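Undergrad: Sending over a structure as structure tokens; questions will come in a sec.
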């Protein structure tokens, strides 16, 4: 698949140490991603920003190796079986805890507040990792802590994005007034109707953020953001926690903006577009 027109010195190696022909090939393959169906050569070349004859040479080689294939009915191109195998191999290596943990400490250092990573467990929203500051209100948090769905920002994100078949029993228990383990009954939550719950979750989905102000622990505020996987399902939640009067939990404030940026960074690494 070597194309001397793509190389800077005849062997495809650029001064920076890369291979320009590979960079060009990736542009062609990227043109085939996130398509609703096979693409004609003209469309592929436009997306890859190259002339059709050049794109065609790459597509022919891709079809020969299985990275692409040509639809016999339309004559268009799509990703081939080898590309699918490569994608599946990459997905098998994705682990939300492993990937998100690298970003968690960076987020803590950036905003100066304690941050946590939660996943959905058998008991509901469960923290698996904390990066703490010296805030005395926060240091009691430990991996394994389980949050309620309706009165924690972490739980609200899961409630907004997970199927009701998963979250329903937890929501019903909170609406019936059963206190969260280790907590006290939340009368405000118990007074909520199903319509209130749906409106709450709709707001979370609209902003891709949830916040609470002492709903679970007096004096402790939090804001949370979803972490999506390659199919757009919520795989985890980042939560920032801080003392009332110190942390800014406005959904358009600097803490929320930093949180959103870091959450999107993790989601992209998980394959979310």
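Undergrad: Please work out how much length the chain gains when fully extended from residue 65 to residue 49, using 0.36 nm per residue of separation minus the C-alpha to C-alpha distance, in nm with one decimal. Provide the component values of the computation, followed by the final result.
TA: Details: separation 16, 0.36 × 16 = 5.76 nm, distance 2.27 nm.
That pair, residue 65 and residue 49, stretches by 3.5 nm at full extension.
Undergrad: Over region 96-269, how many percent of alpha carbon pairs lie in each 10 Å bin up to the one with the longest distance?
TA: 11, 43, 37, 9
Undergrad: Calculate the FRET efficiency for residue 109 and residue 27 from the Cβ-Cβ distance with a Förster distance of 51 Å, rounded to the nearest 0.05. Show your work: numbers first, answer last.
TA: On the way: r = 35 Å, r/R0 = 0.69.
That pair, residue 109 with residue 27, gives E of 0.90.
Undergrad: In nm, give the distance between the simple-model label positions of residue 166 and residue 188, each being 7 Å from the Cα along the Cα-to-Cβ direction.
TA: About 2.7 nm separates the two model spin labels.
Taken together, the values in this text are just the output of simple stated rules run on the coordinates, not laboratory data. Please read these numbers as outputs of a predicted model, since none were measured by experiment. All Cβ positions, glycine included, derive from the backbone under ideal geometry; neighbour counts span all protein chains shown.
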